[in-house]
Amino acid sequence: MAWLRANWFLALAHAGAWLPLGVLLWDVARGALSVNPIQDITFRTGKFALLMLMLSLACTPVNTLTGFRPVLPMRKWFGLYAFLYAALHFLVFSVLDFGLDWGLIQREIVEKRYILAGLAALLILIPLAITSTKGWQRRLGKTWKRLHRFVYLAGVLVILHYIWLVKADVREPALWGGALAILLVLRIPRVRMAVSAWRRRASAAKAGPALGSSTGEAK
Ligand code: HEM
């Protein structure tokens, strides 16, 4: 119980990340998918992969904006969940949809640019997932940071994947793209420093009057 009180955010975040998979499996088990079940699973795993990737990218900006530190370890975990859902997404596409017919899959990759963009994103996520451990971080040193910056490229490729696959209404992928753009801007060192300075000023201003009044009371 004491562990849960100290780590409530981690517990909530992990439970939230597994929940979509649980609901999906539950829907599969009770036959509650749409009339096109394979497409349903493809859409859901794709959407969850995107959501997890964005949550992973949001961890550092959330810490910069709010000073909430427990969010930081989730950066790695959300990235791993993104990979898990993306791998499931690809498995559904290649096994259930294309029956592991590599000739057909290759043709899809060549003919459909959205598949190519998705594949490129997935290929980027693989080394990032493998090297996400502390051991790899130590072994790779400075290269680790450089390598893990490719997560932004993966994000851009996933947005392209999404924009290119929708035929008419691009509003939803555009919204995700806008969110990614904001997260990218918040990563720019100057912007990050300005946000940190603003947060420090805001908390000092908040603490100021309280301190003042308590000093007043003491007098
Ligand atoms: C080889 C890799 C990939 C393949 C072959 C692939 C394939 C697909 C296919 C076939 C669809 C459904 C298209 C349709 O029926 O109109 C789809 C949708 C989608 N995929 Fe992928 N994808 C790949 C990688 C990824 C990755 C890495 C992500 C995210 C991290 C992702 C996120 C999405 C999203 C968000 C959708 C749309 C879901 C929706 O409309 O609700 N995909 N993908």
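The values are calculated or read from the model by the stated rules, or taken from the named source; none is laboratory data. Computed from a prediction, not measured in an experiment: that's the story for all the values here. Note that we place each Cβ from the backbone using ideal geometry, even for glycine, and neighbour counts take in every protein chain shown. Only protein heavy atoms, including side chains, enter the accessible area calculation; ligands, DNA and RNA are left aside. Shrake-Rupley method; radii C 1.70, N 1.55, O 1.52, S 1.80 Å.
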* Structure fact -> Distance in nm between Ala32 and Val95 label points, each 7 Å along Cα→Cβ, equals 2.3 nm
* In sequence order, what are the phi-derived ³J(HN,Hα) couplings for region 58-64 according to the Karplus relation 6.51 cos²θ - 1.76 cosθ + 1.60 with θ = phi - 60°, rounded to whole Hz, with x for glycine and proline? -> 7, 4, 5, x, 5, 5, 5
* Asked: When Lys and Arg each count +1 and Asp and Glu each count -1, what net charge do the other residues less than 14 Å away from Ala207, Cβ to Cβ, add up to?
  -> +4
* Proximal charge balance of Phe98 [Cβ under 11 Å; K/R count +1, D/E count -1] -> -2
* Would you work out which of Asn36, Gly67, Leu100 lies farthest towards the positive end of the dipole of the chain, given +1 charges on the beta-carbon of Lys and Arg and -1 on that of Asp and Glu, about the Cα centre? => Gly67
* **Cβ-derived FRET efficiency at R0 22 Å, Leu72 paired with Lys142, nearest 0.05** => 0.65
* Asked: Accessible area per residue of the chain at 1.4 Å probe, in Å²?
  -> 63 Å²
* Spin-label point model (7 Å from Cα, Cβ direction): what's the Lys47 to Asp169 distance in nm? -> 1.2 nm
* Asked: Where a Cα-Cα gap under 21 Å defines reach, which lysines qualify for Lys167, not counting those fewer than 8 residues away within the same chain?
  -> Lys47, Lys112
* **Efficiency of FRET between Ile109 and Gln39 - r from beta-carbon atoms, R0 25 angstrom, step 0.05** => 0.85
* To do: Taking the chain as the reference, fit the longest principal axis to its C-alpha atoms, fit the long axis of helix 113-130 to the helix C-alpha atoms, and give the angle between the two in degrees, 0 to 90, nearest 10.
  => 60 degrees
* **For the chain, with +1 on Lys and Arg beta carbons and -1 on Asp and Glu, the positive-most of Gly135, Phe150, Val23 along the dipole** => Gly135
* Separation between the Arg192 and Phe9 pseudo-spin-labels, each 7 Å from Cα along Cα→Cβ, expressed in nm? -> 1.7 nm
* Asked: Given the Cα-Cα distance of Lys134 and Trp18 and 0.36 nm per residue of separation, how much length would full extension add, in nm?
  -> 39.5 nm
* Asked: Hey, any idea what % of region 23-166's accessible area is carbon plus sulfur with a 1.4 Å probe?
  -> 69 percent
* To do: Starting from the Cα of Lys206, draw a straight line to each of the lysines and keep only those under 18 Å, dropping any in the same chain fewer than 8 residues away.
  => none
* Asked: Relative to the longest principal Cα axis of the chain, at what angle does helix 8-29 sit, 0 to 90 degrees, rounded to 10?
  -> 20 degrees
* Rh (Kirkwood; distinct C-alpha pairs) - the chain, Å -> 19.9 Å
* To do: Identify the chymotrypsin sites (Phe, Trp or Tyr not before Pro) of region 67-160 meeting these criteria: DSSP loop state and at most 12 other C-beta atoms within 10 Å of the C-beta.
  => Phe68
* Ranked order, Leu65, Leu21, Leu96 - accessible area, probe 1.4 Å, largest first -> Leu96, Leu65, Leu21
* Structure fact -> Residue-normalised 222 nm signal for the chain, counting each DSSP H run of n ≥ 4 as -39,500 (n - 2.57), nearest 500 deg cm²/dmol, is -27500 deg cm²/dmol
